[in-house]
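Working notes, beginning with the structure itself.
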Amino acid sequence: MAEIKTTRVWNGLPLEETTDTDTGVIEIRSGSFLGIQGDLLATGDAKGKWSYNDQAGFLRRYNNKQRTQGKPALTQENFNKKFFTEGTKLLNNDRAAVLNNDENYSGISGAIRNQVSFSENGIPGVKNPETGEKNNSQGSSVEDPDKNQGEDGGGSNSFELRPISERPIGSVAGQNLRYPLGQIPNLGYDFVTFTAHEYKAAGNIDQLTTSSGLERVGGALETISLPMLPGREESNSVGFGADSMNAIQAAAGRIALDTLNTFGESGLGESLKQFGARSKEELDKLLAGGGENKSAIIAYFAGQAAQAPGLLTRATGSVLNPNMELLFKGPNLRTFNFAFKFRPRFEDESVAVREIIRIFKRNMAVQRSTSEMFLLTPNIFTIKYIHNSGEDHPFMNRMKPCMLSGFNVNYTPDNSYMTYQDGGMTGYDVTMTFQEIVPIYADEQQNEGGTGF
């Protein structure tokens, strides 16, 4: 494998990327149409440097997309700033995802050889398989690619857990897609955002539990913005269950509590004396009240000894009062269902919908460790309802971090198979099921915005 083709939608502009795994060079073209390859717009060379191949054509296509979204066109100078900062960062991430994937090479030896060379040449984001270091956004090799000055020096915890390296899944940090496309200045309507995050395991034995769920939210990856549709609802529930305790169980409980309290205060000797005294006292209470009580209690114990629990009922026609009560069992985790209808109207929107579906499927999928000995937790999502003001919706609920547990796509939603000329489907119906990773607690509702969690 020498050339790997991927796609990217940058600020509404669809781009096709071709990464050469032999040289490390990436070429950016306009989207192909009807099988005709798009024009070459820009190139990232083997040293991580970028240059235009068609500067005017790139600017023209970008500004056309700006106008369809109701945004002002950029001058060449402003476009250069935007491309060589924001744009190349995303494209470098895409190239690194390809070059770091061992499956994109003919063999493991070739992968290691090329990846070492790419890392030494300074291609951003490439990981050196021999040292384990990964180039940062400037092409410098550091152990923490999010820092441009290498590692921090700080102490370590002797109980710190070593992370398992996973296979790359192709998520791209900072990518922001939405549907529908068109003139939406600040979108101009209410919408919901789904942001994928890396799942952040505890990593330390002192951090194995979480209350807010934010402790498990790692770095943000792609964000999907979709319009608010009918059917938005929430359901809160708490676990309760019936519990029973008859007179004999209550007596045994009192004996156990008194004995343990005595042990804690006076030691083993006194607790044994207390056990004997309390057992006799409770037995006397059970047998008090006449021959009827005594016969029933004897029948109960006889049934337990003979492993015949029904002996009491057979002998006396009665059962011990269970003193049933509904007791709290624990919190429940909430589930949220979403359903969206995608009806792409033009090519760019069709490409965006395809990428949106891929992003959801990719981030919910189970990941593999590099050795394939372990399976790793899928990425998680943060979900927000956004008002047309751009702020969190003031009259809707909040959600804690969620796992995407179910995802279904209907490619023929109108009961007929229909495509555009390039093969894009005329419609997709998508349903998703999310489940919060931690429960809701009462103290968290106090100061939370909207209607709370």
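Here is how the numbers come out for the structure above:
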read-out	value
Set of lysines near LYS65 by C-alpha distance (under 17 Å), chain-local residues within fewer than 8 positions excluded	LYS82
Straight-distance crosslink candidates among lysines, where the alpha carbon sits under 16 Å from LYS384 and sequence neighbours closer than 8 are dropped	LYS400
Partner lysines for LYS5 [C-alpha distance under 16 Å; skip if fewer than 8 residues away on the same chain]	none
Interchain or long-range residues, amide H under 5 Å from THR21's placed H	GLU3, ILE4
Contact order relative to length of the stretch 236-324, as percent, for alpha carbon pairs under 8 angstrom and 6 or more apart	33 percent
Length added when fully stretched, MET228-ASN408, from 0.36 nm per residue minus Cα-Cα	62.9 nm
At R0 = 25 Å, FRET efficiency that the Cβ-Cβ distance of SER117 and GLU166 yields, to 0.05	0.60
Accessible area (Å², per residue) of the chain, counting only protein heavy atoms and a probe of 1.4 Å	56 Å²
In Å², nearest 10: area of VAL116 left accessible to a 1.4 Å probe	20 Å²
Rough spin-label spacing in nm, given labels placed 7 Å along Cα→Cβ, for ASN236 and LEU326	1.7 nm
Under the span-like rule (Cα at least 15 Å along the axis, Kyte-Doolittle mean at least -1.0), DSSP H helices of the chain	88-99, 108-121, 247-266, 268-287, 291-305, 347-364
Cα gyration tensor, the stretch 1-128 - rounded (a/c under 1.5), prolate or oblate	prolate
Cβ-placed point charges (K, R +1; D, E -1), dipole of the chain about Cα centre in debye, nearest 20	800 debye
Within the stretch 235-250: backbone nitrogen closer than 20 Å to the LEU287 label point (7 Å, Cα to C-beta)	247-250
Lysine pairs with alpha-carbon atoms under 28 Å apart, the stretch 169-297, spacing 8 or more or separate chains	4
Rounded FRET efficiency, nearest 0.05, which uses the C-beta distance separating THR210 from PHE395 and R0 of 25 Å	0.30
Accessible area of the stretch 247-397 belonging to carbon and sulfur atoms, whole % at 1.4 Å probe	59 percent
Entry for Kirkwood radius over Cα pairs in Å (calculated from the structure that is shown) out of (1) 22.9; (2) 24.7; (3) 27.4	(3)
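The values are calculated or read from the model by the stated rules, or taken from the named source; none is laboratory data. A quick note: this is a predicted structure, and the numbers were derived from the prediction, not measured. We place every Cβ from the backbone using ideal geometry, glycine too, and count neighbours over all the protein chains shown. Heads up: the accessible areas ignore ligands, DNA and RNA and are worked out on the full protein's heavy atoms, side chains in. Shrake-Rupley method; radii C 1.70, N 1.55, O 1.52, S 1.80 Å.
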